[in-house]
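Input: a single structure, listed below in structure tokens.
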Amino acid sequence: MAGILEGIRVLDFGRYIAGPYCATILADLGAEVIRIEKVDGSEDRFNAPISENGDCGATFAQMGRNKRGLTLNPRTQEGRKIVGELVKTADVVVANLPPQTLESMALDYESLKTIKADIILTTNSAFGSGGPYSDRVGFDGIGQAMSGAMYLSGWPDQPQKIYPPYVDFGTALYSALGTMAALMERDRTGKGCKVETSLLRTALSFNNPALIEQATTQLNRVGTGNRGQTGAPVDAFKTEDGWILIQVIGQPLFDRWAGLMGEEYWITDERFSSDEARGENRDEICERTQAWCSGRTTDECLELLSQARIPCGPILSPQAAIDDQHVQAMEFLKPLDYPGLTRPAPVAPLPIKITTSAYSLDEADNNAAPFERAPTLGEHTDSILEELGYRPDDIKNLRGKRVV
């Protein structure tokens, strides 16, 4: 398994996105990752099913790639023993579980480091440890709701959650970054550590500029939907045959927009003299832009806007995004098959390109990191246990007891 993290073993006890995608990033970078699931399959395996028998969901197809699959009940005596044996062979344990759940499964840092002193525990939860909400559970949307993001993303009478779970993915990215830093620190000092992230902390970090503005100016902004507030035109605009998004922020872009609209005199109009002023007068600017778009097709609008070097893009359906010529040409999505799929799934590989004389994340390179499908339920259970010294009869016995 070629890659920057070749030789690193990761135990992935994660669920849904924040933990599993952290482990996926490490796998994409070459680590050996063992995904540990419940005996009958963990909940995230079945969410939004895409396979014929429902044993693989859309999220799992992305999160499970490049991993080996092990089923295990770590709450049994035999299961806890297997966990201990696995930890002895591992470098990193990833678990996005509340603190009290980690302790009940002996996956807390104090328990793990008694097994392997230099182990790294990467854990994320909804609210983090040590606060009044620490024992609560939560998903991505709770972070969006409690960070001010939903309040500002919708309208005054209707807050709006963003469809993609950006808080989950952001937490996974912070977790992977922290894990990489912990591995570097272990190489330097020989000591392991605990890396902790939380959904609410990520959400607050991503929405921090809005919080800073509120605390220092007391503007008390409310949501304006797609229409921007600190620049204009920023909005979704309807064309003759679809929708596009235009984002004009900064004086040079506004100058070019005014020229394209034939409204050059607006450049010297005090109402539009800065991004803040344009944001306050956004309705007039956006209405002028909508009038310009209404008489043109999407392609015509995008061509003229692109010629003027104004940021713009079509508002695409999921299918249109898959079929987009640039997405296809750049291979931003790559086909991965799975037993029971009628057609390969378009899975997004790690969106980072690293190239050195010795290593590349480019699939065309012979030393490229792997890109393998998610494991079927317990696909590698036998081989992983055999590596730990279990014999076939032992494994059969464990399976009969539903330990694995």
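Every number here is computed from the coordinates shown, using simple stated rules; none is lab data. These figures come from a predicted structure and were not determined experimentally. Note: ideal-geometry Cβ built from the backbone for every residue, glycine included; neighbour counts use all protein chains shown.
Per DSSP helix of 4 or more residues, -39500 (n - 2.57); summed, then divided by the residues of the chain. What does that give at 222 nm, rounded to the nearest 500?
-11500 deg cm²/dmol
As an exercise, use a Förster radius of 30 Å and the Cβ-Cβ distance of ALA320 and SER273 to find the FRET efficiency, rounded to the nearest 0.05. Intermediate results must be reported in sequence, preceding the final value.
Values: r = 38 Å, r/R0 = 1.27.
The calculated FRET efficiency here is 0.20.
Describe numerically, in nm with one decimal, the distance between label points set 7 Å from Cα along Cα→Cβ at LEU219 and at GLU300.
For LEU219 paired with GLU300, the spin-label model returns 3.6 nm.
Rounding to the nearest 20 debye, state how big the charge dipole of the chain is about its Cα centre with +1 on each Lys and Arg Cβ and -1 on each Asp and Glu Cβ.
Computed charge dipole of the chain: roughly 1480 debye.
If r is the Cβ-Cβ distance from SER104 to ASP40 and R0 is 22 Å, what FRET efficiency results, to the nearest 0.05? Numbers along the way, then the final one.
Working: r = 20 Å, r/R0 = 0.89.
Result of the calculation: an efficiency of 0.65.
From zero up to wherever the largest Cα-Cα distance of the chain sits, split into 10 Å bins and tell me the percent of pairs in each.
Bin by bin from 0 Å, the calculated values are 4, 18, 25, 23, 16, 9, 3, 1, 0.
May I ask which of LYS113/LYS353; LYS113/LYS334; LYS191/LYS334; LYS67/LYS401 have a Cα-Cα span longer than 31 Å here?
Cα-Cα > 31 Å for LYS113/LYS353; LYS113/LYS334; LYS191/LYS334; rest within.
What ranking, highest mean first, results for peptides 67-79, 313-325, 86-98, 279-291 when packing means the other Cβ atoms within 10 Å averaged over each residue?
Highest to lowest by the protection proxy: 86-98, 67-79, 279-291, 313-325.
Just to be sure I understand the model, the point goes 7 Å from the Cα along the line to the Cβ. What's the resulting THR189 to LYS88 distance in nm?
2.7 nm
Hey, with R₀ at 22 Å, roughly what FRET efficiency would ASN53 and LYS396 work out to, going by the Cβ-Cβ distance, to 0.05? Spell out each step's value before the answer.
Values: r = 24 Å, r/R0 = 1.08.
Approximately 0.40, to the nearest 0.05.
Name the long-range amide H neighbours of GLU240: under 5 Å, sequence gap of 5 or more, or other chain; modelled H, no Pro or chain starts.
It is ARG296, THR297, THR298, by chain and number.
What does the highest-first list of 106-116, 196-206, 230-240 look like by mean Cβ count within 10 Å? Spell out each step's value before the answer.
Working: 106-116: 17.5, 196-206: 22.3, 230-240: 20.3.
Result, highest mean first: 196-206, 230-240, 106-116.
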